[in-house]
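A short worksheet on the structure shown next.
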Amino acid sequence: NLSFIEDPTRIIRAVRFAGRYHFHLCKETKDAAITALKSKVLHKLSAERFTEEIMHLLKEKNFGIMGSLLNELGVLKEWFQGDLPWDFTHPYLNTEADCEVKWLLSIRFFEEPHDTNLLENLRLTKDLKAITLKYLETINALSSSVSTNLATLDHYLQGVPDWMMDILAENEEFAPLIHDYQSVLKKIDQKITGADLKRFGIEGSVIGQILKVIREAWLLGKVNNPLEEREYIEEYFREKGLVVNLD
């Protein structure tokens, strides 16, 4: 009965082995784990040690099953000192999917201040922390945006890898916009470069601004091919009082 109190990582290991081999924890084992958690024994662990045990689970095929059992026992609630909106129901969580994919799917309903709690109580690797931050920042940005403009969406999603956008699209709220955005991205064939603009005598930060204008034109359907892009930029320069030969 004192096994979990002597070493609280045994609770997480029990969850790992139960999930791996499709075992059920017997009532006595569950009761002993819950009793140990109530005694606050879990906080004998360092954040590094707890994170390491969670990362072991993440590498397992049945991470979703294990996460659900952690929730059932109250491990996550006790460690994070509150209920966080974990989601261990997605079918990808019980596959050989990449750890990053499974991790982001499990936190896909997190918002402020949930994400602050998460990051303060775990010691993620530098790479996984960067991925997590980017993902959570994008979720918060999409949740707070009232615009359905693809150019506005591009501000949040430019640079987000395709695999992460696919995970974001698992959220029904974001899915239509992200699918539209991905579809339009495939059609963008922007030819004008910063080097071209320099040859036309454009310098400094204006170059980035003009390239952004061109990209937005593609996103909004004002430009649909390289010829239209050329005509669009020539008109743009004319409106600015400049005459530029793009030949």
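Here are some notes:
- Scanning region 193-218 for residues that are at pLDDT below 90, part of a loop (DSSP other than H, G, I, E, B) and either in contact with a strand residue (DSSP E or B) (Cβ under 6 Å, 6 or more places away or on another chain) or surrounded by 11 or more Cβ atoms within 10 Å (Cβ to Cβ) (or both) turns up Phe200, Ile202.
- Sole exception among (1) at pLDDT 95 or above; (2) of a type outside the set (Phe, Trp, Tyr); (3) surrounded by fewer than 16 Cβ atoms within 10 Å (Cβ to Cβ); (4) part of a helix (DSSP H, G or I) for His43, by number: (1)
- Residues satisfying the stated conditions in region 137-149, i.e. at pLDDT 85 or above and open to solvent by 80 Å² or more (accessible area, probe 1.4 Å): Glu137
- Test: residue in region 118-136 that is at pLDDT 95 or above and touching a Gly at 6+ places or on another chain (Cβ under 7 Å): no
- Against the criterion of being within 25 Å of Phe4 (Cα to Cα) and part of a loop (DSSP other than H, G, I, E, B), Leu84 qualifies.
Let's see how each residue does on (1) of a type in the set (Val, Ile, Thr); (2) open to solvent by 10 Å² or more (accessible area, probe 1.4 Å):
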position	(1), (2)
Lys59	no, yes
Pro85	no, yes
Leu93	no, no
Ala97	no, yes
Val101	yes, yes
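- Screening Phe88, Phe110 for residues that are within 21 Å of Glu170 (Cβ to Cβ) and under 14 Å from the mean Cα position of the chain (by Cα) leaves exactly one candidate, Phe110.
The values are calculated or read from the model by the stated rules, or taken from the named source; none is laboratory data. Being a predicted model, the structure only gives us computed values, none of them experimental. Neighbour counts are summed over all protein chains in view; Cβ atoms, including those assigned to glycine, are modelled from backbone coordinates with ideal geometry. Heavy atoms of the whole protein, side chains included, go into the accessibility calculation; ligands, DNA and RNA do not. Shrake-Rupley method; radii C 1.70, N 1.55, O 1.52, S 1.80 Å.
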